[in-house]
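Novice: This is the structure, below, for whatever I ask next.
The values are calculated or read from the model by the stated rules, or taken from the named source; none is laboratory data. All of these numbers come straight from a predicted model, not from anything done at the bench. Positions of Cβ are backbone-derived with ideal geometry, glycine not excepted, and every protein chain shown enters the neighbour counts.
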């Protein structure tokens, strides 16, 4: 006997042992249970109007009509036909209203022969669909229809109204999902037993429902899926349902965040007992640490001595000195007899950190670099030394978390530009030791709303102050009429023995995209400056070529580096004073701010030019003004969040979770986020039994809990 179906049942339980391509596609899209299915919402669930005269058919409204077919027109659709396919047709009907002199046109595209035959053989028709206009004439494209008899056609309006009552009063329109048609997706929902809609579990206690004036979860889902009487599908009722699910998404997220934090606190971490005096290592640097750097190191030391694994995010604007903090933290771990690893998103950045670390620590630490472009022999040698404990500090790229990499005694992992990595990648490296501490670094400041959600399980240290030796950067938008002045200024700075970056949005010419490309700009700048050393750098170059270009620029053998945005992440050359970004409207605000941060890093002032080769839209101009008038990365990050949305701003799609919520928005619903956070904290302290039960129910399948 089959087990009764509930919301935790697999979706396949709806069809028994039968095969279904629709179910296969849902499962491959991570819709495994009926609970998952609940979050696939209709585009709309609307109350259908009654049958009416054509005279009442208003544009954009849904309409039901009865009429006589005056004209049938069929044209072949050559695009839709092909070898082995039945020929498709476009069909048009002119229909005379049963209840007025008005007429209306119905059209169907890509009709199979069976549908053409059905329409062609009909004299009278009942139809429904959304009204539009074409050349001033009312029409319905792709309406649902039923051929009717003359006796049915002859019925008066009252008889048709009575007859229409027996039909569905609510129309539920599901979207196309992963190649599944709306009809087939709707068919899956129709197989859900009706009694289940009242049996949806509600994680919220009644106290919160009353406090926040929220409707039960089952009521919210029923309204949005159209499983209620038509008088419950008012706009007010639907708004109440959306408000409940907005809160629900934030509440569930906050519970999971709490569960992750609690799990970390139960794990045993490496305890560093002699790491309090980090100041001994700060003397290795030719400048005094800022208050922000010192506070961050105090936070790290506190984690090191706690006995639990550290999971701390160090956020600071470009050039704020995060790398210095990571080097000192790594030295503390090494002093305690452990190994340290620093993982970077690009070979150029890993190589840069490696060279800098060698300069800072001289011969006091055994430091090596592990990147993909190493020869097989060198790579094998590094791996063997790492496993034997003959390397204290390893700096590398994705190569570090490969299965072939083993440590003798890993104590600290640092992830630079952490949003470039997925959570699984991060944890794969951390799990190469027992109780390993983990430090994440980002130069993309995190808006508060994101710090409460995507990063809510992390402890966060913020470095706001900049090193005192930094001269900073001035930013100017360059209009087409000022292009010559910009080139003259660029030449002057290079004659002063400084260097420049010129960033372009594309590598090659693409007629479909109206923007500058590296090949063209490289040629132009060599013509502009025939006596200067101009070199190109882009992501499609071989690793050896990229590293060579990077080293040439670092060693002052190149005056102007024409590059794509590969230089955005962490490249450091204090002698570079000019950053020119061509077609800047093609980049996000955070990317522009990151690239600007490549200059003004030493004792020379930096200059950033946002260069437009043609007029840009007022909206783009307004975005660039945010960069021109503001050097605060935190303000820029907030603006970027508003402009681009939270979906992939920090690479959340790499985390193994869905990249977006169904209803909740960090931008539009901050009040609900804060309310959910407050309620979770209150439950945790005042109702621990209820909190624990909810935590167990919601957090058991969480991706991050499986990887910690």
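Novice: Looking at 684, 642, can you tell me which residue is more than 30 Å from residue 579 (Cα to Cα) and either modelled with pLDDT under 70 or part of a helix (DSSP H, G or I) (or both)?
Specialist: Selected residue: 684, the only one of 684, 642 that is more than 30 Å from residue 579 (Cα to Cα) and either modelled with pLDDT under 70 or part of a helix (DSSP H, G or I) (or both).
Novice: Looking only at the stretch 645-681, count how many residues are at pLDDT 75 or above and either outside any loop (DSSP other than H, G, I, E, B) or out of contact with any helix residue (DSSP H, G or I) (no Cβ under 7 Å at 6 or more places or on another chain) (or both).
Specialist: Total meeting the criteria: 14.
Novice: While we're on this one: Say whether the condition of being buried (at least 22 other Cβ atoms within 10 Å of the Cβ), part of a strand (DSSP E or B) and in contact with a helix residue (DSSP H, G or I) (Cβ under 7 Å, 6 or more places away or on another chain) is met by at least one residue in the stretch 396-407.
Specialist: yes
Novice: Which helices (runs of 4 or more DSSP H) sit wholly inside the stretch 95-190 and have at least 3 residues that are under 30 Å from residue 15 (Cα atoms)?
Specialist: 182-190
Novice: Would you mention how many residues in the stretch 235-274 are farther than 23 Å from residue 694 by Cα and buried (at least 20 other Cβ atoms within 10 Å of the Cβ)?
Specialist: 3
Novice: Can I ask one more? Residues in the stretch 189-220 that are surrounded by 12 or more Cβ atoms within 10 Å (Cβ to Cβ) and closer than 29 Å to residue 691 by Cα: how many?
Specialist: 19
Novice: Which condition does residue 367 not pass, out of (1) crowded, with 21+ Cβ neighbours inside 10 Å; (2) touching a helix residue (DSSP H, G or I) at 6+ places or on another chain (Cβ under 6 Å); (3) within 24 Å of residue 463 (Cα to Cα), if it passes all the others?
Specialist: Status for residue 367: all satisfied but (3).
Novice: Additional query: Checking the condition assigned to a loop (DSSP other than H, G, I, E, B) and surrounded by 12 or more Cβ atoms within 10 Å (Cβ to Cβ), which residue from 223, 227 passes?
Specialist: So the residue among 223, 227 that is assigned to a loop (DSSP other than H, G, I, E, B) and surrounded by 12 or more Cβ atoms within 10 Å (Cβ to Cβ) is 227.
Novice: Is the stretch 71-88 home to any residue that is out of contact with any helix residue (DSSP H, G or I) (no Cβ under 7 Å at 6 or more places or on another chain) and either within 16 Å of residue 187 (Cα to Cα) or part of a helix (DSSP H, G or I) (or both)?
Specialist: Checked against the condition, which is being out of contact with any helix residue (DSSP H, G or I) (no Cβ under 7 Å at 6 or more places or on another chain) and either within 16 Å of residue 187 (Cα to Cα) or part of a helix (DSSP H, G or I) (or both), the stretch 71-88 yields no hits at all.
Novice: Kindly list the number of the only condition in (1) more than 28 Å from the chain's Cα centre (by Cα); (2) touching a residue at least 24 places away in the same chain (Cβ under 8 Å); (3) closer than 18 Å to residue 353 by Cα that fails for residue 382.
Specialist: (2)
Novice: Across the stretch 346-364, what is the number of residues that are in a loop (DSSP other than H, G, I, E, B) and buried (at least 19 other Cβ atoms within 10 Å of the Cβ)?
Specialist: 1
Novice: Let me ask something additional. Any residue in the stretch 527-547 that's surrounded by fewer than 16 Cβ atoms within 10 Å (Cβ to Cβ): show its pairings with residues that are modelled with pLDDT of 90 or more at Cβ separation under 9 Å, as long as the two are six or more apart or on different chains.
Specialist: Within 9 Å, the pairs are 528/487; 528/490; 528/491; 528/534.
Novice: Does any residue of the stretch 256-275 turn out to be closer than 25 Å to residue 464 by Cα, part of a loop (DSSP other than H, G, I, E, B) and out of contact with any strand residue (DSSP E or B) (no Cβ under 9 Å at 6 or more places or on another chain)?
Specialist: yes
Novice: Continuing with the same structure: Before we move on, is residue 191 within 20 Å of residue 664 (Cβ to Cβ) and either modelled with pLDDT of 90 or more or out of contact with any strand residue (DSSP E or B) (no Cβ under 8 Å at 6 or more places or on another chain) (or both)?
Specialist: When the stated conditions are applied, residue 191 does not pass them.
Novice: Can you tell which of 346, 364, 356 is within 27 Å of the chain's Cα centre (by Cα) and either modelled with pLDDT under 95 or under 22 Å from residue 312 (Cβ atoms) (or both)?
Specialist: 346
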